[in-house]
Every structure is written in structure tokens, then in C-alpha cells.
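Worksheet: one structure, shown below.
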Amino acid sequence: MIVTDFWFWLLAGLAALFVGGSKGGLPLVGILGVPIMALQISPIVAAGLLLPIYIISDMYGLWIYRKSYDARNIAILVPAAAIGIGVGWATASITNEAVVTLLVGIIGLAYCIDAIVKARRKLPPRPADVPRGLFWGSLTGFTSFVSHSGAPPYQMFVLPQRLEKMVYAGTSTITFAIINLLKLPPYWFLGQVNVGSLRIAVILAPIAIIGAFFGFRLTKIIPEKAFYRFVEVALFLVSLKLIYDGVMQLTNG
């Protein structure tokens with residue numbers, strides 16, 4: 001049961017702001033949405049409440065990045081993510097959310113450590129390839145389905161390519177917009193999205209749009225090197241938080 005008191009709306013508004021910011025070009029901040037709302041309600045309920053907000057803010061993101069994206073990445077990642085979403089739906093009754101949370105955190109942390117090592121070697125950008133894309137894309141779809149935490153595995157595939165920052169932001173926004181639409185039918189049939197959650201999404205949608213606007217403005221003005229450094233630092237911090245959450249859930253469970 002959702003307790004619609006002051007703290008619920010405060011945390012829900014903050015989560016919506018972060019979700020919107022992720023659609024404006026800062027994809028990693030969106031992953032904070034579920035943990036923030038989980039301070040007040042169940043993470044599963046929070047995931048269902050946030051999905052419509054993701055989709056509404058996706059519409060704004062699709063418009064602002066309609067000319068800035070990498071088609072090859074989208075063509076590889078979306079079919080792979082669909083596979084991961086299908087696996088998530090099929091295993092929804094047996095999936096341990098704490099284990100998935102811990103896994104996503106470990107993946108993100110592993111990328112950060114790997115990026116530090118490779119930065120010292122000054123390796124050239126790694127182009128998008130199908131085998132890696134299918135693996136990381138499937139994992140992106142699965143983890144996104146479970147708890148909207150698809151960003152870390154997504155970064156494992158895309159960040160090493162060192163795309164131009166606006167192309168990177170647009171590719172991320174468009175890819176996750178499609179993933180979120182693919183998640184909607186299973187969420188509905190599982191009861192995670194319902195009439196009540198849709199009503200709350202309508203109320204929070206303007207906050208998400210504001211977040212998307214400011215996310216886009218920040219993406220445009222941040223220098224490219226600083227932009228990628230910000231993404232990697234954010235990934236590191238989020239990964240630590242996910243690892244902590246996963247360990248605490250497993251310990252308390």
C-alpha cells in the first residue's frame with residue numbers, strides 16, 4: 001500500500017527530477033530514482049510507479065535528441081535488451097532483487113577500475129561490436145526490468161567507444177526510451193503498473209520534464225572531457241551504493 005503523505009511526495013518528486021535529468025542526457029542519475037523512493041515504499045512498488053514517469057520524460061528526451069544519436073548502437077542494443085526483458089519477465093517470480101542489485105553494482109565498479117587502468121595505457125576508442133553488444137544489451141534489459149538499473153551494464157558497452165558527448169547522450173536517451181516502452185506490457189500484466197500508479201505519474205510528470213530540461217542544459221555546457229569524468233565518477237558512486245544496498249538486503253533477508 002502506498003502511503004501518500006508528505007515524505008512520499010517529497011521523495012517521489014526528487015526521484016522524478018532525477019528520472020527527468022537522466023532523459024536530458026545524464027543517464028546515471030536516473031538509477032537513483034528507485035533507491036530514493038525505496039526509503040518510503042517497497043522497491044518493487046517504486047519501480048512500477050516510476051516506469052510511467054520514465055516513459056513520459058522519454059518523450060521529451062526523444063525530441064531534444066532526435067538528431068544526435070548513434071544508429072548502430074541502438075540497432076545492436078535494443079534487440080539484445082528485448083531478450084533481457086523477456087528473461088526478466090519469465091523469471092519475475094524467482095528473481096532475487098538483492099542479488100541483481102549487488103551484481104549491477106559490481107559490474108559498474110569493475111568498469112570504473114578497468115577505465116582507470118586503461119586510461120594509463122591511453123587505449124584508442126573501442127567501436128561497437130555485435131557480440132559484446134548482445135551480451136551487455138541483454139544484461140541491460142534484464143537489470144532495467146528488475147529495478148530500472150540498466151545504466152551500469154549499458155556503460156560497459158558504450159563508454160569505451162568515447163562517442164561525442166551529445167551523440168552519447170542521445171543514444172542513451174533513445175535506447176532507454178525504447179527499453180522502457182518494451183517493459184510496459186510485462187509491468188502491467190504483473191500488476192506493477194496500474195491505474196493508481198498512472199495517476200501519480202501524471203502528477204509527477206511536470207517535475208520530470210523540468211529535470212529533463214536542466215539535464216539537457218548541463219549536458220550542453222559541460223566540456224566533453226569533464227562530461228565523461230562526471231559520468232564515470234557518478235557510475236563509481238552509484239555502484240558503491242548498489243553494492244551496499246545489495247549486501248544489506250541479503251544480510252537482512
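A short reminder: the numbers here are calculations on the coordinates, not readings from a lab. The structure displayed is predicted, hence computed values, not measured ones. Methodologically, a virtual Cβ is constructed for each residue, glycine included, from the backbone with ideal geometry; neighbour enumeration extends over all protein chains shown.
For the pair Ala226 and Phe135, how long in nm is the line joining their label points, each one 7 Å along Cα→Cβ? Between Ala226 and Phe135, the label points sit 3.6 nm apart. Counting every alpha-carbon pair across the range 6-252, the share separated by more than 25 Å comes to 36%.
Taking N as the residue count of the range 33-109, its C-alpha radius of gyration divided by 2.2 N^0.38 Å amounts to 1.32.
The calculated P(r) of the range 158-253, using every Cα pair and 10 Å bins from 0, goes 12, 28, 37, 22, 2 in percent. Just to check, using Stokes-Einstein with a Kirkwood Rh over alpha carbon pairs, what's the diffusion coefficient of the range 25-66 at 20 °C and 1.002 mPa s in µm²/s? Estimated diffusion coefficient is 193 µm²/s. The spacing between the range 58-81 and the range 171-215, judged by their C-alpha centroids, is 16 Å. Relative to the dominant Cα principal axis of the chain, helix 6-23 is inclined by about 30°. Using all pairs of distinct alpha-carbon atoms, the Kirkwood hydrodynamic radius of the range 114-176 works out to 12.4 angstrom. Couplings 3J(HN,Hα) for the range 231-239, derived from phi with the Karplus relation 6.51 cos²θ - 1.76 cosθ + 1.60 (θ = phi - 60°), are 4, 5, 5, 4, 4, 4, 5, 5, 5 Hz, where x marks Gly and Pro. What number, in percent, do you get for the relative contact order of the chain if the mean sequence gap of Cα pairs under 8 Å and at least 6 apart is divided by its residue count? It comes to 38 percent, rounded to a whole number. Once the chain from Ile203 to Ala90 is taken as fully extended at 0.36 nm per residue, the excess over their C-alpha distance is 37.5 nm.
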